[in-house]
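Presented below is the structure to which this report refers.
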Amino acid sequence: MPMDAIPDIASLSLAEIAKLVEEAKLPPVEKWNPTHCGDSEMRIARDGTWYHQGSPIGRPAMVRLFSTILRREPDGSHVLVTPVEKLDIEVEDAAFIAVEMKAEGSGRDAKLAFRLNTGDLVTAGPEHPLRFVEDTTDGDGGPRPYLAVRGGMEALVVRSVYYELAERAIADDATPAGLWSDGAFFPLEPAA
């Protein structure tokens, strides 16, 4: 899939999504260890908007390109890394935003795939768990769902997709309330 093409998750089966995920080749950022060069003057805002020197990056293809060289360091910070340089980048909440979901099956046979704001596709499961935390950021409370993406980075699941998840959990009538995807169960209740 070309870098400019964002997949239309609604028109794809989960088998097609799995094939696209398998074909996606990301740079081996975990193997690159260049000298730290400074600050990129970039920031990923809580809503997933990427900024450079205080201005939003308006080209989605540029954001997708930068996202492929994004890495989370062992201390929890984030960097943009190439074979020859490493620059800090501020991440206010999560590195990605899960903006759309495709579900197939029900109960233990369910599979949930997500499209991220960068166009990446991720299927929730043992390697990409969903977790729910209590929202304390803006006073409205309630759970905030996150999806593990890669290398310790997560995607915040947007509120509309969270409502889809909650509807599925209610329909499955599981105790405790939660969701199955790719053979793994994820309770909706925030961890204590």
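What follows draws every value from the coordinates through simple rules; no lab data is involved. Please read these numbers as outputs of a predicted model, since none were measured by experiment. FYI the Cβ positions are ideal-geometry reconstructions off the backbone, even for glycines, and counts take in every protein chain you see.
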- Within the range 19-126, how many lysine pairs that are 8 or more places apart, or on different chains, have C-alpha atoms less than 17 Å apart? 4
- Estimate the FRET efficiency between residue 39 and residue 171 by the formula 1/(1 + (r/R0)^6), using the beta-carbon distance for r and 45 Å for R0, to the nearest 0.05. 0.45
